[in-house]
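Visitor: Submitted below is the structure of interest, expressed as structure tokens.
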Amino acid sequence: MNSVLIVNTCRNEDVLTEREFVWPIQRALHVPSKVVHLSKLTEAMANDFDAVIFSGCPYGDDAYLKKTKNVKWVTETKKPLLGVCAGQHLIAAAFGGEVKQMPKAVIGVEKIMVVKGKKEMSTILDTFVRSPNAYFLHHNQIPLPARFVSLARSRFSQNEIIVHEKKPIVGVSFHPEVLNKDFFSAFLKWAESRR
Amino acid sequence: MRLACLFSGGKDSTYALHIAHQAGHDIACLVSVKPENNESFMYHVPNIEWTKLQAQAMKIPLVIVSTPGRKEAELNDLKKVLMELKKTVKIEGVVTGAVYSTYQASRIQKICAEAGLYCFNPIWQTNVKSHWHELLLNGLEIVLVSVAAQGLDKRWLGKKMDEKALHELVALEKKHGVSPIGEGGEFESFVINAPLFQKKIQIEKFKDVWVGLQGTRTITKATLVEKGNRGLEQE
């Protein structure tokens, strides 16, 4: 994996939010990356990169839910995709899952419990076996979309890490750029092995 | 967007404010929390009264939240003030200088969520190695007003940070594990000048107190001086 496109899902193209939700992912990646705002994203753009990562966005910023048409192509692509929080919701929505508000917001550090016996997933799950604490910042959630399986749950949700049955597509409902920085390299390595 | 900035007078909140301003946001006011208890869980304490002079230097209104300083009560007091500001000066969000502490960041996120305000953290998870350089390159003039770590001796209290001091700080990280950005409470900083300052602060009198490894410089007299002339004498 030599280059990654990061899709900024925050309401506006604003350095204030890009610094909080996009830059930390870029720093965690260890490979060159480029940023595009969700409102400008096209499939052709994604095709110029080895993988696409959809960022999270500020708590209470649901503008991304109005831009789902820009991610329709994700159901057909062969590109490795990773969705972080709002990014997970966007991917799930494209695959037919309906994003719903949770009864209570989840903000802060929570434990992730990974499901056992998914050996082929160990590259990405090992990070969370080693250090299960993850940082959450959300009030939306998604049901498990068709053809996805859940690999981790928490006390709030069954779908904290979801993965497509066949394609290299992963969505996490939390923010690995805070406490699980190794996860991004692990994802790219795993996606590479699935090519 | 119209924003309030949580402001302690230290390097990180001043830089967060600088970024928000540069990004074109409208800074309605600064908010400083002043705990009556010196062992505050959440907030930067030394010299918090001098945020008044910093606010004056920037010509931005300052709101001081006085709180008894008991864990969750501090947050409630802050939340009330933020809700009031949402009503009166129509702020839509809050800017913080949170860097790595999920403890601090999540608590502020929660009160903002409850108050219906956005919470922005522009230096969240910043690069430890380049953070200080970024502060200096952006024209922040910073002095250390408290130190509490092995290796941060009398020479460091009151030190104005420059590239040479940064090299020494990195050496201390290797030797004693001191966080170079002070995330473990190794030091507290005070900003005497920044691009948003129309005048700079000159510290005229201060009192140093040492308890073991912990040194605190309490500013007792400071004035605003024109930028670029009299202020230089201090260096």
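Read-outs throughout are calculated quantities, based only on the coordinates presented, and are distinct from any laboratory measurement. Quantities reported herein were computed from a predicted structural model and do not represent experimental measurements. Cβ placement follows ideal geometry from the backbone for every residue including glycine, while neighbour counts extend to all protein chains displayed.
Visitor: In percent, how large is the relative contact order of the stretch A:4-193, given Cα pairs closer than 8 Å and 6 or more residues apart?
Guide: Normalised by residue count, the contact order of the stretch A:4-193 is 22 percent.
Visitor: If you don't mind, there's one more thing I want to ask. Where the centroid of each part is defined by its Cα atoms, how far is the stretch B:73-136 from the stretch A:142-195 in Å?
Guide: Result: 28 Å between the Cα centres.
Visitor: Place a +1 charge on the Cβ of each Lys and Arg in chain A and a -1 charge on the Cβ of each Asp and Glu, then give the dipole magnitude about the Cα centre in debye, rounded to the nearest 20. Don't skip to the answer; put the middle values down first.
Guide: Working: 27 positive and 19 negative charges, 104 e Å.
Value, rounded to 20: 500 debye.
Visitor: If you don't mind, there's one more thing I want to ask. Among DSSP beta bridges whose residues both lie in chain B, state the antiparallel percentage, nearest 5.
Guide: On the way: 21 of 38 bridges.
Within chain B, antiparallel bridges account for around 55 percent of the total.
Visitor: Among B:VAL225, B:HIS167, B:LEU196, which residue has its Cα positioned farthest towards the positive end of the charge dipole of the stretch B:138-234, with +1 placed on the Cβ of Lys and Arg, -1 on the Cβ of Asp and Glu, and the dipole taken about the Cα centre?
Guide: Looking along the dipole axis, the top candidate is B:VAL225.
Visitor: Here's a follow-up. With r defined as the distance between the Cβ atoms of A:LEU144 and B:MET83 and R0 fixed at 35 Å, what FRET efficiency is calculated, to the nearest 0.05?
Guide: After rounding, the FRET efficiency stands at 0.40.
Visitor: With an 8 Å cut-off on Cα pairs and a minimum separation of 6 or more residues, tell me the relative contact order of the stretch A:44-128 in percent.
Guide: Dividing the mean separation by the residue count of the stretch A:44-128 yields 28 percent.
Visitor: A further question on this structure: Going 7 Å from the Cα of A:GLU98 in the Cα-to-Cβ direction, what parts of the stretch A:140-167 have a backbone nitrogen less than 11 Å from that spot?
Guide: Residues A:143 fall inside that zone.
Visitor: Do any trypsin sites (Lys or Arg not before Pro) in the stretch B:46-130 lie in a loop, going by DSSP, with at most 13 other beta-carbon atoms within 10 Å of their beta carbon, and if so which?
Guide: Hits after loop and neighbour filter: B:LYS59, B:LYS90.
Visitor: To test your reading of the geometry: what angle, between 0 and 90 degrees and rounded to tens, separates the Cα axis of helix B:128-137 from the longest principal axis of chain B?
Guide: 90 degrees
Visitor: Write down the percent of antiparallel bridges among all DSSP beta bridges whose residues are both part of the protein assembly as shown, to the nearest 5.
Guide: Numbers: 38 of 71 bridges.
The answer is about 55 percent antiparallel.
Visitor: A:VAL15 to A:MET113: extension gain in nm, 0.36 nm per residue of separation minus the Cα-Cα distance?
Guide: Details: separation 98, 0.36 × 98 = 35.28 nm, distance 3.39 nm.
Separation in residues times 0.36 nm, less the Cα-Cα distance, equals 31.9 nm.
Visitor: Which value in nm describes the separation of the simple spin-label points at B:LYS174 and B:ALA73, placed 7 Å from the Cα toward the beta carbon?
Guide: About 4.7 nm separates the two model spin labels.
Visitor: Magnitude of the Cβ-charge dipole of the protein assembly as shown, K/R +1 and D/E -1, about the Cα centre, nearest 20 debye?
Guide: Dipole magnitude for the protein assembly as shown comes out near 700 debye.
Visitor: Would you work out if chain A is rounded, prolate or oblate? Take a ≥ b ≥ c from the square roots of the eigenvalues of the alpha-carbon gyration tensor; rounded if a/c is under 1.5, else prolate when a/b is larger than b/c, oblate otherwise. Each step should come with its number before you reach the end.
Guide: Values: a/c = 1.26, a/b = 1.09, b/c = 1.16.
The shape class here is rounded.
Visitor: Can you tell me which aspartates and glutamates have their Cα less than 12 Å from the Cα of B:LYS227? Leave out same-chain residues fewer than eight positions away.
Guide: B:GLU141
Visitor: Which helices of chain A meet both criteria: a Cα extent of 15 Å or more along the helical axis and a mean Kyte-Doolittle score no lower than 0.0, with helices taken as whole DSSP H segments?
Guide: A:182-193
Visitor: When the chain is fully extended, how far beyond the present Cα-Cα distance does A:ASN2 get from A:LYS69, taking 0.36 nm per residue of separation?
Guide: Details: separation 67, 0.36 × 67 = 24.12 nm, distance 2.74 nm.
Additional length available on full extension: 21.4 nm.
Visitor: Which of B:LEU213, B:LEU169, B:LEU135 ends up with the largest GNM mean-square fluctuation for chain B, with Cα atoms connected below 10 Å?
Guide: B:LEU213
Visitor: For the residue pair A:LYS166 and A:THR42, what label-to-label distance in nm results when each label sits 7 Å from Cα along the Cα-to-beta-carbon direction?
Guide: 2.8 nm
Visitor: Right, next: For A:PHE156 and B:GLN150, FRET efficiency with R0 = 41 Å and r from the beta-carbon atoms, rounded to 0.05?
Guide: On the way: r = 41 Å, r/R0 = 1.00.
The pair B:GLN150/A:PHE156 has a calculated efficiency of 0.50.
Visitor: Let me ask something else about it. Using Cα pairs under 8 angstrom and six or more residues apart, how large is the relative contact order of the stretch B:138-234, in percent?
Guide: Relative contact order here is 32 percent.
Visitor: Another one. So which of A:LYS67/A:LYS166; A:LYS166/B:LYS110; A:LYS181/B:LYS11 end up more than 32 Å apart, counting from Cα to Cα?
Guide: From A:LYS67/A:LYS166; A:LYS166/B:LYS110; A:LYS181/B:LYS11, over 32 Å: A:LYS166/B:LYS110.
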